[in-house]
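A.B. asks: Input: one structure, supplied below.
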Amino acid sequence: MPLMPPLKRLRGKRMDLGLARQWMDAWFEQLNAQKSYLSELDNPIGDGDHGINMARGANAAKDALADKEIPDLNTLFKTIAMALLSKVGGASGPLYGSIFLAFAKASANHDTLDYAQILALLNAGKDALMSRGKAEVGEKTMVDVWVPFTEQFADHAPSKDDVDALVEATKPLKATKGRAAYLGDRSIGHIDPGSMSTGYLFKALLDVLDS
Amino acid sequence: MRGILIVSHSAKLAEGLHDLLQEIVSQVPIHYVGGLETGEIGTTYDRIMEAAEASPADELYVFYDLGSAKMNLEMVQETLDKTLILSPAAMVEGAFVAATLISANADNKAIEKQLKPLGIK
């Protein structure tokens with residue numbers, strides 16, 4: 001039997017609560033596994049704590065999910081949002097917190113999400129991120145991964161290599177937002193750590209959709 | 001009632017500034033939050049919310065140190081039933097000016113005017 005093209009394969013998939021939890025668990029696991037690497041990326045252009053902050057947030061979210069009944073997608077994303085908001089501690093707290101609050105809103109009253117609804121969820125997250133961080137494309141922030149990824153997701157099913165390429169593309173950018181902006185030209189040549197943790201989120205999504 | 005809220009990434013910075021201001025103005029409610037509950041550096045929505053709620057003031061002039069404090073503050077501002085005036089002024093000088101003027105019963109317009117040249121964010 002010939003392999004289905006990725007777009008068709010992914011587009012046939014629906015996200016239910018189980019799949020969404022798998023997605024989140026995979027992301028939390030990756031944030032923990034890459035804790036040192038994320039902080040290392042943050043060293044030259046930030047305060048070197050992105051890995052520690054995100055791992056702390058991921059573990060808080062895992063604990064919160066284990067402690068309470070999660071009946072639906074809305075509760076899942078809201079619980080994660082509140083855990084990240086209360087535990088991350090850096091700029092990523094309010095940014096990811098706003099993204100997951102938007103996910104919660106976009107998934108309210110849905111038991112499952114089809115491809116178009118997953119796209120709508122991602123777009124809601126992207127809009128919330130941009131309005132919270134007041135960042136635009138090209139400022140060397142996670143917006144530089146969110147915007148092109150959601151465009152790709154709308155257009156074709158992106159691969160994990162596509163995500164890697166988007167994260168890598170933050171390297172030559174000069175930071176004009178966030179702590180790294182104080183460094184000006186010295187921020188050039190480093191991957192943006194928030195874009196990396198966002199890359200993990202998107203790659204985990206593609207993994208569960210393709211499973 | 002008007003008050004001051006200090007939000008810093010560092011517990012010691014926040015506490016130090018609070019002590020400094022309290023020395024000068026004893027009648028103005030000055031609340032602060034610094035760092036994470038574990039004592040580490042950072043700011044969170046929850047802790048800012050707690051500090052803002054603890055103040056008897058319903059109108060708070062807020063002074064903060066770095067960018068992520070501002071984003072968390074904006075989220076608190078959207079959800080809390082109090083007026084939070086986020087000042088872009090340098091934290092120490094701004095808080096000092098606002099505390100002094102609140103204590104002297106100056107109106108908000110006068111305070112904004114004095115804070116304006118201290119804006120750095």
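A.B. asks: Just to be sure I understand the model, the point goes 7 Å from the Cα along the line to the Cβ. What's the resulting A:Asn109 to B:Asp19 distance in nm?
C.D. replies: Distance between label points: 5.5 nm.
A.B. asks: Also, quick follow-up: For B:Glu40 paired with A:Gln152, estimate the spin-label separation in nm (one decimal), with each label point 7 Å from Cα along the Cα-to-Cβ line.
C.D. replies: 3.0 nm
A.B. asks: If you don't mind, there's one more thing I want to ask. Using a 1.4 angstrom probe on the protein heavy atoms only, line up B:Ile30, A:Ile188 by accessible area, largest first.
C.D. replies: Values: B:Ile30 10, A:Ile188 75 Å².
Order by accessible area, largest first: A:Ile188, B:Ile30.
A.B. asks: Work out the mean other chain Cβ neighbour count within 10 Å for the residues of A:93-100 and drop it here as an integer. List each step's numbers first, then the result.
C.D. replies: Values: counts 10, 13, 2, 0, 5, 3, 0, 0.
Taking all residues of A:93-100 together, the mean is 4.
A.B. asks: Given the options A:Gly46, A:Ile70, A:Leu10, identify the residue whose Cα lies farthest towards the positive end of the charge dipole of the stretch A:1-125 (+1 on Cβ of Lys, Arg; -1 on Cβ of Asp, Glu).
C.D. replies: Farthest along the dipole direction, towards plus: A:Leu10.
A.B. asks: Quote the FRET efficiency, to the nearest 0.05, computed for B:Met1 versus B:Lys109 with a Förster distance R0 of 22 Å and r equal to the Cβ-Cβ distance. Numbers along the way, then the final one.
C.D. replies: Values: r = 18 Å, r/R0 = 0.81.
For B:Met1 and B:Lys109, the calculated efficiency is 0.80.
A.B. asks: Just how much of A:Ser92 is accessible, in Å², when a 1.4 Å probe is used and the result is rounded to the nearest 10?
C.D. replies: 10 Å²
A.B. asks: At 1.4 Å probe size, with the rest of the protein present, what percent of the exposed accessible area of chain B is carbon and sulfur atoms?
C.D. replies: On the way: 3070 of 5770 Å².
Answer for chain B: carbon and sulfur cover 53 percent of the accessible area.
A.B. asks: Where the only charges are on Cβ atoms (+1 Lys, Arg; -1 Asp, Glu), what is the dipole of the protein assembly as shown about its Cα centre, to the nearest 20 debye? Don't skip to the end; give the middle numbers.
C.D. replies: Values: 33 positive and 44 negative charges, 107 e Å.
Dipole size: approximately 520 debye.
A.B. asks: If the cut-off is 26 Å between C-alpha atoms, which lysines fall inside it for B:Lys116, apart from same-chain ones fewer than 8 positions away?
C.D. replies: Cα-Cα hits under 26 Å: A:Lys134, A:Lys177, B:Lys70, B:Lys82.
A.B. asks: Something else about it: So what is the accessible area of chain B per residue, in Å², with the probe set to 1.4 Å?
C.D. replies: Values: 5770 Å² over 121 residues.
Ligands and nucleic acids excluded, the result is 48 Å² per residue.
A.B. asks: Work through the residues other than B:Leu101 whose Cβ is under 11 Å from its Cβ and net out their charges, Lys, Arg +1 and Asp, Glu -1. Working shown, then result.
C.D. replies: Working: positive: B:Arg2, B:Lys109, B:Lys113; negative: B:Asp107, B:Glu112.
Net of charged neighbours comes to +1.
A.B. asks: In addition: For the stretch A:12-209, compute the orientation-averaged projected area of the C-alpha convex hull (one quarter of its surface), in nm².
C.D. replies: Numbers: hull surface 38.4 nm².
Average of the hull's projected areas for the stretch A:12-209 equals 9.6 nm².
A.B. asks: What would the Debye equation give as log₁₀ I(q)/I(0) for chain B at q = 0.21 Å⁻¹, counting only Cα atoms as equal point scatterers?
C.D. replies: These q points yield log10 I(q)/I(0) values of -1.19.
A.B. asks: With a cut-off of at most 16 other beta carbons within 10 Å, and DSSP calling the residue loop, which trypsin sites (Lys or Arg not before Pro) in the stretch A:3-77 qualify? Please list them.
C.D. replies: Working: sites: A:Lys8, A:Arg9, A:Arg11, A:Lys13, A:Arg14, A:Arg21, A:Lys35, A:Arg56, A:Lys62, A:Lys68; in loops: A:Lys13, A:Arg14, A:Lys68.
Here the sparse-neighbourhood loop sites are A:Arg14, A:Lys68.
A.B. asks: Further question on the same structure: How many partner chain Cβ atoms sit within 10 Å of a residue's Cβ in peptide B:72-81, on average, as a whole number? Mind dumping the intermediate values first?
C.D. replies: Numbers: counts 9, 1, 5, 7, 1, 0, 0, 0, 0, 0.
Average per residue, whole number: 2.
A.B. asks: A follow-up question, please. Return the average number of partner chain Cβ atoms within 10 angstrom of each residue Cβ along peptide B:41-49.
C.D. replies: Details: counts 5, 11, 6, 11, 10, 5, 2, 0, 2.
Mean shielding by partner chains, rounded to a whole number: 6.
A.B. asks: What longest region of chain A stays clear of GluC sites (Glu not before Pro) that DSSP places outside H, G, I, E and B and that have at most 16 other Cβ atoms within 10 Å? Don't skip to the end; give the middle numbers.
C.D. replies: Details: sites that count: A:Glu69, A:Glu136.
Free of exposed loop sites, the longest segment is A:137-211.
A.B. asks: Treating the beta-carbon of each Lys and Arg as +1 and of each Asp and Glu as -1, no other charges, what is the dipole magnitude of the stretch B:1-101 about its Cα centre, to the nearest 20 debye?
C.D. replies: Values: 5 positive and 15 negative charges, 41 e Å.
That gives a dipole near 200 debye.
A.B. asks: Please name which of B:Tyr45, B:Thr100, B:Leu86 has its Cα lying farthest along the dipole of the stretch B:2-118 towards the positive end, using unit charges on Cβ (Lys, Arg +1; Asp, Glu -1) and the Cα centre as origin.
C.D. replies: B:Thr100
A.B. asks: Let a ≥ b ≥ c be the square roots of the eigenvalues of the Cα gyration tensor of the stretch A:147-211; is it rounded (a/c under 1.5), or, if not, prolate (a/b larger than b/c) or oblate?
C.D. replies: Working: a/c = 2.85, a/b = 2.42, b/c = 1.18.
The shape class here is prolate.
A.B. asks: Turning to a different aspect of this structure: Please give the calculated 222 nm ellipticity per residue for chain A, where each DSSP H segment of at least 4 residues contributes -39500 (n - 2.57) and the sum is spread over every residue; nearest 500 deg cm²/dmol?
C.D. replies: Helices in chain A give a 222 nm mean residue ellipticity of -21500 deg cm²/dmol.
A.B. asks: Take peptides A:178-186, A:123-131 and line them up by average Cβ neighbours within 10 Å, highest first, as a rough protection proxy.
C.D. replies: Details: A:178-186: 15.4, A:123-131: 19.2.
In descending order of packing, they fall as A:123-131, A:178-186.
A.B. asks: Expressed as a fraction of 2.2 N^0.38 Å, the rule-of-thumb size for a compact globular protein of N residues, what is the C-alpha radius of gyration of the protein assembly as shown?
C.D. replies: On the way: Rg = 21.3 Å, N = 332, 2.2 N^0.38 = 20.0 Å.
Cα Rg divided by the expected 2.2 N^0.38 Å: 1.07.
The values are calculated or read from the model by the stated rules, or taken from the named source; none is laboratory data. Everything numeric here is computed off the predicted structure, so don't read it as measured data. Neighbour counts run over all protein chains shown; Cβ positions are idealised from the backbone, glycine included. For the accessible areas, the whole protein counts, side chains as well, though only heavy atoms, and no ligand, DNA or RNA atoms are used. Shrake-Rupley method; radii C 1.70, N 1.55, O 1.52, S 1.80 Å.
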